[in-house]
Amino acid sequence: MMMVTSGPPTDDDLLELVRGVFDGRTVTAITRHPYPYATSSPLEELRVRFDHGDAPTLIFKDLAWERLLDDARQSKPAFLYNPRRAVEIYRRILGPAGIGPRCYAAIADARPARYWLLLEKVPGVELWQLGELAVWESVARWLGGFHAHFAGEIAELRTRNPYLLDYEASWFELWRGRAQTALAQSDDHRARELVSRLDRYDDVVGALDALSSTLVHGEFYPSNVMVVRSDGDPRVCPVDWEMAGTGPGLLDLAALAGGFKRRERGRLFNAYRSAMLEFGAHLPPEEQMRASLERCRLHLALQWIGWSASWKAP
C-alpha cells in the first residue's frame with residue numbers, strides 16, 4: 001500500500017478535527033497529553049474546552065505506520081498492517097451498532113497518510129486488572145452475544161469493511177508455516193518434537209476452517225477489553241481492532257481465557273455458550289464445541305511462536 005508520509009498532527013490539526021465533531025458548539029481550546037497505556041499506536045488524551053463548559057475527555061489514536069511505537073514497528077508482521085481495517089470497522093460496523101467506545105471521528109486519507117481515530121475515553125479499567133471471575137464471565141457472555149449478533153452476516157460485514165482479515169484455512173496454514181520456520185531456528189529442546197507434530201496439523205486446519213463464521217476481534221486479550229463496573233452487568237468495550245476479521249468466534253474466547261486453568265476456562269466457556277444459545281445461535285454439541293476451543297488455543301500458540309523473529313512471547 002503506497003502512502004505519502006506526514007508528520008504527527010499539530011495542535012491546529014486536532015483543533016480542526018474536534019471542531020468538526022462538535023459542530024454547533026464553539027471550541028475555544030484543546031489540551032493534549034500522551035496517554036500512558038498505548039501498546040502499538042500512539043495515543044493522546046484530549047481535553048476539549050467549549051465557550052461554555054468542557055466536553056468529555058477524548059482519546060486520539062494515530063494509526064500511521066511511521067508512528068507505530070518502536071516495539072510494534074519492529075515486531076508486527078508488515079503484511080498485517082492496514083490502518084483502514086480499524087478505521088472502517090469503527091465507522092461502518094461498530095459505530096452504527098453502538099459497540100465499544102463511542103467513535104467521534106474516523107479519518108482515512110492516504111495522501112498524506114492520516115489514519116486517525118477520535119474515541120471516547122472509556123471510564124473503566126482493562127479486564128486484566130479485575131480479579132473476580134464473575135466479571136470475566138460477564139465479559140464472556142457479552143462476547144457470546146456479540147458473536148451471535150453478527151453470525152450469518154459475513155457478506156454484509158465484508159461489504160462494509162473489505163479490509164477485514166479472513167480467518168480461514170489459508171490463515172491457519174500460514175501460521176503453521178511461520179511457526180515451523182521459527183521453531184527450526186530455536187535452540188529450545190522441545191522445538192524439534194513440536195515441528196514433527198505439526199506435520200499432522202492438517203486435521204486441525206480442516207476442523208477450524210469448518211467452524212461457522214462471525215465478526216472476530218482478533219486480539220480479544222484482557223488488555224484489549226475495557227470494563228465499566230455498574231450495579232448490573234458491566235459495560236464491555238473492546239479496543240484495538242487492528243486485527244478484526246471474519247472467522248470462528250471461538251478464536252476470541254481462546255484469547256480471553258488463555259491465562260486460566262481448565263476449571264476457570266470451563267466457566268468462561270459455559271458463560272459464552274449460554275449467551276449464544278440465549279441469542280438463538282445454532283451450536284454444535286457441547287463436547288464438540290469444547291474441542292474446537294482447544295484447537296483455537298493451539299492456533300493462537302502457533303501464531304505467537306511465528307509472530308516475529310525479533311520478538312518473543314512472554
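Structure values in brief
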| read-out | value |
| --- | --- |
| Spin-label pair T159/A291, simplified geometry with 7 Å Cα→Cβ offset, distance in nm | 3.7 nm |
| The chain - mean residue ellipticity at 222 nm from DSSP helices (-39,500 (n - 2.57) per run, n ≥ 4, rounded to 500) | -12000 deg cm²/dmol |
| In degrees, nearest ten, helix 169-184 long axis to first principal axis of the chain (Cα) | 80 degrees |
| Convex hull of Cα atoms in segment 170-236, direction-averaged projection (nm²) | 7.3 nm² |
| Contour minus Cα-Cα distance for L69 and A207 (0.36 nm per residue) | 46.1 nm |
| Rounded to the nearest 10 Å², the accessible area of W136 at probe 1.4 Å | 20 Å² |
| Which of H149, H52 is most accessible, then next, and so on - probe 1.4 Å | H52, H149 |
| Shape category assigned to segment 191-230 from the gyration tensor of Cα positions, a/c cut at 1.5 | oblate |
| C-alpha center-to-center spacing [segment 212-260, segment 98-149] in angstrom | 8 Å |
| Per residue, in Å², the accessible surface of the chain once ligands and nucleic acids are set aside, probe 1.4 Å | 50 Å² |
| Sequence of D252, D203 from largest to smallest accessible area, 1.4 Å probe | D203, D252 |
| 0 to 90° range, to nearest 10: angle between helix 133-150 axis and the chain longest Cα axis | 90 degrees |
| Kirkwood Rh, Cα atoms: Rg over Rh of segment 199-314 | 0.97 |
| Computed over the chain: relative contact order in percent, which uses C-alpha pairs under 8 Å that are six or more apart | 19 percent |
| Stretchable slack from F79 to A97, in nm (0.36 nm times residue separation minus alpha-carbon distance) | 3.6 nm |
| Relative contact order of segment 173-267, pairs being alpha-carbon contacts under 8 Å that are 6 or more residues apart, as % | 25 percent |
| Cα-based shape type of segment 1-108, given that a ≥ b ≥ c are square roots of the gyration tensor eigenvalues and the cut on a/c is 1.5 | prolate |
| Residue-count net charge about G124 - beta-carbon cut-off 9 Å; Lys, Arg +1, Asp, Glu -1 | +1 |
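The values are calculated or read from the model by the stated rules, or taken from the named source; none is laboratory data. Remember, it's a predicted structure, so these values are computed and weren't measured experimentally. Virtual Cβ from ideal backbone geometry, glycine too; neighbours counted across all protein chains shown. The accessibility values were calculated without ligands, DNA or RNA, using every heavy atom of the protein model including side chains. Shrake-Rupley method; radii C 1.70, N 1.55, O 1.52, S 1.80 Å.
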